[in-house]
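Read-outs throughout are calculated quantities, based only on the coordinates presented, and are distinct from any laboratory measurement. Keep in mind that what you see is a predicted model, and the values were worked out from it rather than measured. Here the Cβ positions follow ideal geometry from the backbone for every residue, glycine too, while neighbour counts run over all protein chains shown.
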Amino acid sequence: MKSNRKRKVNTILGRKSGRCPYCSSPVTLRSADGIYRDNSTGTKLYVCSQYPECDAYVRVIPGTSTPVGSMANGELRALRRDAHRQFDLLHQTGLMSKGEAYVWLAGMLQAPMSQAHIGYLGAYYCKQVIDESSKMLKIRRQNQARWPGLQQRQAVGGGVYAVK
């Protein structure tokens, strides 16, 4: 008799198999020792079995086997860091709240909020986030220079903003 229960499919890294998207080698869950300079927190990663020749990996949520994004090689990890730096400035400068920034990101990506995370982006969309965030921040700086008395929001913690 056939069971009505669905078999759990291995969805490591958003794929149906635990294979590296760069070289198709198996991916293993392991300690970040030897990859991170300081792994005093015991971080775990999904790492390509061909590491370091193929330097693709992704960090997991502490205490789980759930990846925080998708596998990335060094080039993509650098782009994601840059994209996150620019994106974070949108809310750190008070241009918008953190929630508003993620709504903006979802709109820009034309993706649901559940998928609006830089850890899932490829190189093309990372570059888009960098470019669009930079444009918005540049316009903000120009407006501040043009109208120095213009009120602006400043984060004061816990998603609360004060007007300067």
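Descriptive notes on the structure:
- Theoretical FRET efficiency, 1/(1+(r/R0)^6), r = Cβ-Cβ of Arg141 and Ala111, R0 25 Å, to 0.05: 0.30
- For segment 11-71, the equivalent ellipsoid built from the Cα gyration tensor has semi-axes of 18, 14, 7 Å, listed from largest to smallest.
- For Cys20, the residues 5 or more places off, or on other chains, whose built amide H falls under 5 Å of its own are Ser25, Val27.
- Using θ = phi - 60° and Karplus 6.51 cos²θ - 1.76 cosθ + 1.60, couplings along segment 85-100 (whole Hz; Gly, Pro as x): 4, 5, 4, 4, 4, 4, 9, 5, 8, x, 4, 7, 6, 4, x, 5
- Ordering Val103, Val129 from the fewest to the most neighbouring beta carbons within 10 Å gives Val103, Val129.
- For segment 27-108, taking Cα atoms only, Rg and Dmax work out to 15.2, 43 Å respectively.
- Among the chymotrypsin sites (Phe, Trp or Tyr not before Pro) found in segment 22-101, those both in a DSSP coil and sparsely packed, with 16 or fewer other Cβ atoms within 10 Å of their Cβ, are Tyr22.
- Distance between the pseudo-spin-label points of Arg81 and Ile61 (7 Å out from Cα toward the beta carbon): 2.5 nm.
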